[in-house]
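Everything on this sheet refers to the single structure shown next.
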Amino acid sequence: MSATPQGYRGRFAPSPTGPLHFGSLVSALASWLDARAHGGAWLVRVEDIDGPRTVPGAAEDILATLAAFGFHADEPPEWQSRRTGLYRGALDRLIASGHVYPCGCTRKEIADSQLGAHQRNTTLIYPGTCRDGLHGKPARAWRLRVPDAATADEPAGAHANPALIRFDDRWQGPQHQNLATEVGDFVLLRADGQWAYQLAVVVDDAQQRITHVVRGADLLDSTARQVWLQQCLGVPTPAYLHVPVVTNADGEKLSKQTGAQALDASRPLEALMAAARHLGLELHDTAPATLAAFQLDAIDAWKRRLAQLPAA
Ligand code: GLU
């Protein structure tokens, strides 16, 4: 493990796009259990950075639901919307170090530049058009340079491929992603003036001295970008653990868009027991009478569960 248990700092970072649902409860429970199992601190960060997606009142609703489910943060919650000065400072450092550049491309131009881009929902890999200048176009967004892929004439194995980011996920095992071929230079400040999630999350995790990130596996694909950004900013990389996502009957990730139901805050134990089952926790008490009884049992079960993981 990369950090001492005494220094453990974890967090739950909900986006207030709607009320807490079962999928986010699983992430909240896993991050809370991991912090408690390590005797560490557990923080809550409201990720209300994406103005257009933020629903008024949803953050307050989520915080009240967390309290009703027995999750009490060790520090007052942070709000990303109040931290934009930190994101500006980080971007300025990256501009000064030459890691970022302004980009004048529209989404359509990027889509037109690559094969298969007419298909909807394809991840667009930025072709690097503005890496060497804006070509007379106005700046729209700021992008982070990713390392170039190793050249084909390099003897295999002679050098580590700088574009390949590797990390060990505590649940999912060893991971790697080639940022050059699978992602491309990615946006940190969007054309609409919004800070990108990748920048905000890396700056906040570093500034809040988060040692362990526990979240849903839908974010596994973002982690290599975050590791690279940490390297560019010269900040530590936390330990990562991505729990399996909750899907609906159609196999879609549970979210507001896929019609996830709000949790019933008046009956927390039922939902918590279901969340524990989703995480594969073997509880001794199958009908706990109180939240406190559930929590003690679940912390022990989490420790046993971690010991069973292939990555352990
Ligand atoms: N705010 C993100 C979400 O709700 C989670 C970010 C994270 O845990 O890194 O999906």
Within the set of pairs 6+ apart or on separate chains, which have a first residue in the range 218-229 that is open to solvent by less than 10 Å² (accessible area, probe 1.4 Å), a second that is β-branched (V, I, T) and within 12 Å of the ligand (Cβ to nearest atom), and C-beta atoms under 6 Å apart?
Q226/V202; L229/V202
Search result, residues across the range 243-252 that are in contact with a Ser or Thr (Cβ under 8 Å, 6 or more places away or on another chain) and either part of a helix (DSSP H, G or I) or surrounded by 13 or more Cβ atoms within 10 Å (Cβ to Cβ) (or both)
V243, N248, E252
List the pairs whose first member sits in the range 92-108 and is aliphatic (A, V, I, L, M), whose second member is open to solvent by less than 70 Å² (accessible area, probe 1.4 Å) and part of a loop (DSSP other than H, G, I, E, B), and whose Cβ atoms are under 9 Å apart, counting only residues at least 6 apart or on separate chains?
V100/D185
Scope the range 19-41; condition farther than 15 Å from A67 by Cβ, within 13 Å of the ligand (Cβ to nearest atom) and touching a helix residue (DSSP H, G or I) at 6+ places or on another chain (Cβ under 6 Å); matching residues:
V26
Among the residues of the range 43-63, write down those that are open to solvent by 60 Å² or more (accessible area, probe 1.4 Å) and touching a residue at least 12 places away in the same chain (Cβ under 8 Å).
P52, R53, D61
Select from the range 275-290 the residues that are open to solvent by less than 30 Å² (accessible area, probe 1.4 Å) and of a type in the set (A, V, I, L, M) and list them in ascending order.
A275, A276, L279, L281
Can D204 be described as open to solvent by 10 Å² or more (accessible area, probe 1.4 Å), assigned to a helix (DSSP H, G or I) and within 12 Å of the ligand (Cβ to nearest atom)?
no
Can you list residue pairs whose Cβ atoms sit under 6 Å apart, with the first residue in the range 283-310 being over 15 Å from W32 (Cβ atoms) and the second being in a loop (DSSP other than H, G, I, E, B) and of a type in the set (A, V, I, L, M, F, W, C)? Count only pairs 6 or more apart in sequence or on different chains.
L309/W171
Name the residues in the range 221-251 that are more than 20 Å from P162 (Cβ to Cβ) and within 13 Å of the ligand (Cβ to nearest atom), would you?
P238, Y240, L241, H242, V243, V245, V246
Index of the failed condition, G7 passing every other in (1) under 18 Å from the mean Cα position of the chain (by Cα); (2) touching a residue at least 40 places away in the same chain (Cβ under 8 Å):
(1)
Give the range 168-201 a look and list any residue that's outside any strand (DSSP E or B), within 27 Å of G85 (Cα to Cα) and aromatic (F, W, Y), or say none.
Y197
On the given criteria, is S255 more than 11 Å from the ligand (Cβ to nearest atom), open to solvent by 10 Å² or more (accessible area, probe 1.4 Å), among the polar types (S, T, N, Q) and part of a loop (DSSP other than H, G, I, E, B)?
no
Residue count, the range 207-220, condition outside any loop (DSSP other than H, G, I, E, B) and away from the ligand (no atom under 12 Å from the Cβ), comes to 1
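The values are calculated or read from the model by the stated rules, or taken from the named source; none is laboratory data. Because the structure is predicted, anything quoted here is derived from the model rather than measured. No Cβ is skipped: glycine too gets one built from the backbone with ideal geometry, and neighbour counts run over all protein chains shown. Surface accessibility is based on the protein's heavy atoms, side chains included, excluding ligands, DNA and RNA. Shrake-Rupley method; radii C 1.70, N 1.55, O 1.52, S 1.80 Å.
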